[in-house]
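**Q** Mind having a look at this structure? Questions to follow.
Values quoted throughout were computed directly from the atomic coordinates according to the rules given, and no laboratory measurement underlies them. Only a predicted model underlies this, so the values are computations on that prediction, with no experimental measurement involved. Using ideal geometry, Cβ is built from the backbone for each residue, glycine included, and neighbour counts are taken over all protein chains shown.
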Amino acid sequence: MMLTLLISGPKQPGNDIDVYLEPLIDDLKSLWVGIRGVYDAHNGEYFTLRAALMWTINDFPAYGNLSDCVVKGYKACPICGDDTPSHRLKNGHKICYIGHRKWLPINHPYRRQCAAFNGKPEYGIPPEPLTGEEVLHMVENGDRVCWKKKSIFFDLEYWKYLPVRHALDVMHIEKNVCDSIIGTLLEIPGKNKDGIAARLDLLNMGVKTDLQLEYGERRTRLPPGPWNLSKAEKREVCNSFYGMKVPEGYSSNIKNLVSLQDSRLLGLKSHDCHTLMQQLLPVAIRSVLEKPARYAITRLCFFFNAICAKIVEVSKLDKLEEDVVVTLCLLEKYFPPSYQRKNCKPLSSLLLKNPKALEAS
């Protein structure tokens, strides 16, 4: 059974959501002990009803509200915690999340590459996700570096023993990632992760020298990156989306979302992004994007397609995690650091949480 909690009001309660959850927690405590005298109309007898909450499903900001884990700033990764590999972009005025190479095998060649990543080799090992008992011990002993307070869900006596307590909603993450990819490829204002600030951050970090700004006598030039498309290529991508025909009920009419005049996609909803990421985007970029960036984006689309399948084989989850770690490293290698701000933080948590949630179920 899926339980949905609706909270009325003009604003979300944020970290104060515990006030609204108290009646729910009281009911869950009663269901855990058992409610006697529930009538079974099918068998014509009374029984004791018991139930337990398996996990919550939410987007990444709501994950911070429900688990009371920090999801912003330098310590925003719920897996890495205090060792989150974060870096503040001086010109982008944001924090980017890099360092995915630590999840690669110890002898992987990406670990020794410096200039393509953060300018340093990677010798670290991946951290182990904290168990519920470890989290509870930390918050009760005042270790609040990565935790805002004790989550109200720990009032449930079984909560600390659950292997997965919070799962991330793929659709929300999928939309954020899709918006960033489409916005960067088509250079949509407000969604483009490339620009002068992003190139200046490359200079400050001392990486990707071939993509740093080139200063001339009259103007400053941005060298084309693997993700940059010409005007003709942008029109070709938009024409591909404009001419796509899908079965009835498969998605909304993609044609209505394409602006051929501006070479943009407008008004994308969550399900539109879901369809684009899983099926249509790899087809549209196949003949226009450079191979490194195309390969990284296509691998990412395959990952979303795999975890959203109706049937997921548990035996393939380990291989899926290994593949998506390489995908994150490819995104870090071929895309600007500004792209690692909004996408890779929840995406890293998604790859480490949701496959385990699938396995636990």
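**Q** May I ask you to evaluate 6.51 cos²θ - 1.76 cosθ + 1.60, the Karplus curve with θ = phi - 60°, for each residue of the stretch 290-298 and list the ³J(HN,Hα) values in order in whole Hz, giving x for glycine and proline?
**A** Karplus values, whole Hz, x for Gly and Pro: 4, 4, x, 5, 4, 5, 5, 5, 5.
**Q** If I compute Cα Rg over 2.2 N^0.38 Å from the structure I just sent, which labelled value in (i) 1.11; (ii) 1.77; (iii) 0.99 lines up?
**A** (i)
**Q** Checking the table K148/K319; K75/K269; K175/K208; K94/K191; K72/K208 against a 23 Å threshold on Cα-Cα, which pairs fail?
**A** K148/K319; K75/K269; K175/K208; K72/K208
**Q** Let me ask something additional. Do the sum for the chain: with -39,500 (n - 2.57) for every DSSP H run of n ≥ 4, divided by all residues, what is the mean residue ellipticity at 222 nm, to the nearest 500 deg cm²/dmol?
**A** -11500 deg cm²/dmol
**Q** Follow-up. Using a Cα-Cα cut-off of under 20 Å, which aspartates and glutamates could be cross-linked to K149, ignoring same-chain neighbours fewer than 8 residues away?
**A** Qualifying aspartates and glutamates at Cα under 20 Å: D16, D18, E22, D26, D59, D68, D82, D83, E133, E134, E140, E157.
**Q** Identify the GluC sites (Glu not before Pro) of the stretch 183-241 meeting these criteria: DSSP loop state and at most 11 other C-beta atoms within 10 Å of the C-beta.
**A** E217
**Q** Quote to one decimal, in nm, the extra length available between Y161 and R286 on full extension: 0.36 nm per residue of separation minus the C-alpha distance between them.
**A** Separation in residues times 0.36 nm, less the Cα-Cα distance, equals 40.4 nm.
**Q** Still on this structure: Are there GluC sites (Glu not before Pro) in the stretch 301-339 that DSSP marks as loop and that have at most 12 other Cβ atoms within 10 Å, and which are they?
**A** Those satisfying the criteria are E313.
**Q** Out of the chymotrypsin sites (Phe, Trp or Tyr not before Pro) in the stretch 158-205, which ones are loop residues according to DSSP with at most 12 other C-beta atoms within 10 Å?
**A** When the chymotrypsin sites (Phe, Trp or Tyr not before Pro) of the stretch 158-205 are filtered for loop state and at most 12 Cβ neighbours within 10 Å, Y158 remain.
**Q** Could you line up D201, D210, D59 from fewest to most neighbouring Cβ atoms inside 10 Å?
**A** D210, D59, D201
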